[in-house]
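Quick notes on the structure that follows.
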Amino acid sequence: MFKSTLKNNILANFGGKAWFGLIQLVFVPLYVKFLGMEAFGLIGFFIMLQSLLSLLDLGLSTTLNRELACRSANGNAQEARDLVHTMEWIYWSIAILIAVGIIVVAPWIARSWVNVKGLPAQSVQHAIALMGLLIAVQWPFSLYSGGLMGLQKQVLLNTIRVSMSTIQAGGAVLVLWLISQSIEAYFIWQIVIVGIQTVVTGYFLRSSLPKSAKAATFNRDLLRQCWRFAAGMTGISAVTIILTQTDKVILSKLLSLEQFGYYVLAFTLCSGLIFLVFPFPAALFPKLSELVATGKTEELSRLYHKGCQAVSLFVFPAGTLIALFPQEILMLWTRDPRIVENTHLLLSLVVVGSLLNAAVAMPYMLQLAYGWTSLAFYKNIVAIIILIPLLFSLVPYLGAVGGAIIWVLLNAGYVMFEIPLMHRRLMPREMWRWYIIDVGLPAVCCVVIGVILKMHFADNVTTTMRLTALTVALGSMFLACVLVLPFSRVYLRRVNL
């Protein structure tokens, strides 16, 4: 039963993220076409603002995920319902404060922060105020998502995500095409659809909770029981946000909105890697927490390494391809030489950093399954002390490229230092298995194959030939990873049998 549920959750998460990634690949170039790169820079500013404000999550969405997974195993229905109700009140209160706060400061941001050249000042101010409303209606969605994931209702969650994201993206293009090519129209549509998504997800979470004779109530005692884990997650979120968003905050001030838009575009295309990573940690985290709670260390170890290898299998081929062929991929994607010229170096650097970040996704989930939040917190504190001054030194001279270099250095530090520190405490005999088998072999295979193909890649070819060559390169790297990773070889033997 567990294997079937876990498999379904992984497939659902992978399908949902793959679909969302496909939507971005299809619709982002259309957003740029209808709005222009400067207005697209405002969308990037919204993404940055949303990430900064995620600190106010207070670690509650991940906490609810973990706590519902444990309480489902223990069969405590009333506590599960009370916990959701309690956190719901907190989330909606924060959402209202966010909306009011951003609307109040919108004139100052439009006048004194973003560097606008072609857009009307009033339009920028309206767009920023609408960002506040959009973040507010989207805010409780992360809580409801965390709850459904903890209940291992990830097929349901991804059905909601796929349906609503399709309407959200496709409808936005229709609005820009048929009604108004304005940034305000874009954000108004997002508010309507995201609001519906939040309400629907909240309904299904409450419907999926175990039944209880009493109505759910606000329970401070439950918050006290899980405050330590939530506080740890808040600390991790705070330092992670500082590390991952400081570059964007600085660049949004120093660069024009157009140049900032190119930086955001590189991260947007690269976010497809995150979509390939997310299904495995998200699906495995509740089970990892359950195995830790029941002390099944051997099964925990097997599941952990399978998750690490699955991430490598699906991320390294795609990431290596983008890092080595950024110009070709950008031209196929946008058909705009100006975008290619301004974005290809950024994209290559950002992808390298994201590959390193993807590699530590499962180790991070293992830490959280044990309730160990201090390592992630302190590693990020050290990174802030080292990298933030470097960021302020590089960005004024190198601009967006300086921010991308910092992204690479940050994630290289995670791979080099976090993994040894983690494995000194958790699974101490299995660190080199992670470095060599889970990550090292597939990474080396992809880089070697990619470099060889890059050396023989012809520039003056048709679009069809270029696409064919990239597909062959991706397939070759994927096949090499399948052959060197133990879990995929075992799967192949079972299929043959």
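Might you let me know whether region 142-151 holds any residue that is surrounded by fewer than 21 Cβ atoms within 10 Å (Cβ to Cβ), touching a helix residue (DSSP H, G or I) at 6+ places or on another chain (Cβ under 8 Å) and among the aliphatic types (A, V, I, L, M)? Talk me through it step by step, then tell me what you get.
Taking region 142-151 as the starting set, the residues that turn out to be surrounded by fewer than 21 Cβ atoms within 10 Å (Cβ to Cβ) are 142.
Remaining after also requiring touching a helix residue (DSSP H, G or I) at 6+ places or on another chain (Cβ under 8 Å): 142.
Cutting the leftovers down to among the aliphatic types (A, V, I, L, M) gives us none.
No; the residues of region 142-151 include none that is surrounded by fewer than 21 Cβ atoms within 10 Å (Cβ to Cβ), touching a helix residue (DSSP H, G or I) at 6+ places or on another chain (Cβ under 8 Å) and among the aliphatic types (A, V, I, L, M).
Any residue at all in region 86-95 that's open to solvent by less than 20 Å² (accessible area, probe 1.4 Å), aliphatic (A, V, I, L, M) and at pLDDT 85 or above?
Residues of region 86-95 that are open to solvent by less than 20 Å² (accessible area, probe 1.4 Å), as a first pass: 86-87, 91, 95.
Of the ones still in play, those that are also aliphatic (A, V, I, L, M) are 87, 95.
Narrowing further to those that are at pLDDT 85 or above: 95.
Checked region 86-95: at least one residue is open to solvent by less than 20 Å² (accessible area, probe 1.4 Å), aliphatic (A, V, I, L, M) and at pLDDT 85 or above.
Just to be sure, is TYR378 free of Cβ contacts under 8 Å to residues at least 60 places away in the same chain, open to solvent by 10 Å² or more (accessible area, probe 1.4 Å) and among the aromatic types (Phe, Trp, Tyr)?
yes
Count, please, the residues in region 188-207 that happen to be open to solvent by 30 Å² or more (accessible area, probe 1.4 Å) and not hydrophobic (A, V, I, L, M, F, W, C). Walk me through how you get there before you give the answer.
From region 188-207, those open to solvent by 30 Å² or more (accessible area, probe 1.4 Å) are 188-189, 191-192, 196, 199-200, 203-204, 206-207; that's our starting set.
Those still in the list that are not hydrophobic (A, V, I, L, M, F, W, C) too: 203, 206-207.
So the count comes out to 3.
Could you identify the single residue in ALA473, ALA469, ALA443 that is out of contact with any Cys (no Cβ under 7 Å at 6 or more places or on another chain) and closer than 30 Å to ALA376 by Cα?
On the way: ALA473 fails: closer than 30 Å to ALA376 by Cα; ALA469 fails: closer than 30 Å to ALA376 by Cα.
Matching residue, one of ALA473, ALA469, ALA443: ALA443.
Which condition number in (1) in contact (Cβ under 8 Å) with a residue 24 or more places away in the chain; (2) open to solvent by 10 Å² or more (accessible area, probe 1.4 Å) is the one that PRO120 fails?
Single failed check for PRO120: (1).
Please give the helices (runs of 4 or more DSSP H) falling wholly within region 394-458 in which 3 or more residues are under 24 Å from GLN327 (Cβ atoms) and open to solvent by 20 Å² or more (accessible area, probe 1.4 Å).
Numbers: elements: 400-413, 419-423, 441-455.
Counting at least 3 such residues, we get 400-413, 441-455.
Determine which member of the set PHE45, PHE34 is of a type outside the set (Val, Ile, Thr), open to solvent by less than 20 Å² (accessible area, probe 1.4 Å) and at pLDDT 85 or above. Write out each step before concluding.
Numbers: PHE34 fails: open to solvent by less than 20 Å² (accessible area, probe 1.4 Å).
Of the residues listed, the single one that is of a type outside the set (Val, Ile, Thr), open to solvent by less than 20 Å² (accessible area, probe 1.4 Å) and at pLDDT 85 or above is PHE45.
Mind listing whichever residues of region 462-497 are outside any helix (DSSP H, G or I) and at pLDDT 85 or above?
First, pick out the residues of region 462-497 that are outside any helix (DSSP H, G or I): 462, 485, 497.
Passing the criteria: only LEU485.
Tell me, yes or no, whether region 174-183 has at least one residue that is of a type outside the set (D, E, K, R), open to solvent by less than 50 Å² (accessible area, probe 1.4 Å), at pLDDT 90 or above and under 30 Å from ILE90 (Cβ atoms).
no
Determine whether VAL340 is touching a Pro at 6+ places or on another chain (Cβ under 9 Å) and without any contact (Cβ under 8 Å) to a residue 40 or more places away in the chain.
Numbers: touching a Pro at 6+ places or on another chain (Cβ under 9 Å): yes; without any contact (Cβ under 8 Å) to a residue 40 or more places away in the chain: yes.
Taking the combined requirement at face value, the residue satisfies it.
If you take the residues in region 374-403 that are over 10 Å from ASP247 (Cα atoms) and among the small types (Gly, Ala, Ser), which one is farthest from the chain's Cα centre (by Cα)?
SER393
What pairs can you find where one residue is in region 99-116 and of a type in the set (Gly, Ala, Ser), the other is surrounded by 17 or more Cβ atoms within 10 Å (Cβ to Cβ) and outside any helix (DSSP H, G or I), and their Cβ atoms are less than 8 Å apart, with a gap of 6+ or different chains?
Matching pairs, first to second residue: ALA110/VAL116.
Look at region 363-381 and say how many of its residues are in a helix (DSSP H, G or I) and touching a Phe, Trp or Tyr at 6+ places or on another chain (Cβ under 8 Å).
Pass one, region 363-381, residues in a helix (DSSP H, G or I): 363-369, 374-381.
Filter once more, so that each one left must be touching a Phe, Trp or Tyr at 6+ places or on another chain (Cβ under 8 Å): 363, 365-366, 368-369, 376, 379.
Residues in region 363-381 being in a helix (DSSP H, G or I) and touching a Phe, Trp or Tyr at 6+ places or on another chain (Cβ under 8 Å): 7 in total.
Just to be sure before I move on: is GLY132 in a helix (DSSP H, G or I) and touching a Gly at 6+ places or on another chain (Cβ under 8 Å) in the structure I sent? Spell out how you get there, then give the answer.
Numbers: in a helix (DSSP H, G or I): yes; touching a Gly at 6+ places or on another chain (Cβ under 8 Å): yes.
Spelling it out, GLY132 is indeed in a helix (DSSP H, G or I) and touching a Gly at 6+ places or on another chain (Cβ under 8 Å).
The values are calculated or read from the model by the stated rules, or taken from the named source; none is laboratory data. Keep in mind that this is a model prediction, so the values were computed, not measured. Neighbour counts run over all protein chains shown; Cβ positions are idealised from the backbone, glycine included. SASA here: full protein model, heavy atoms, side chains in, ligands and nucleic acids out. Shrake-Rupley method; radii C 1.70, N 1.55, O 1.52, S 1.80 Å.
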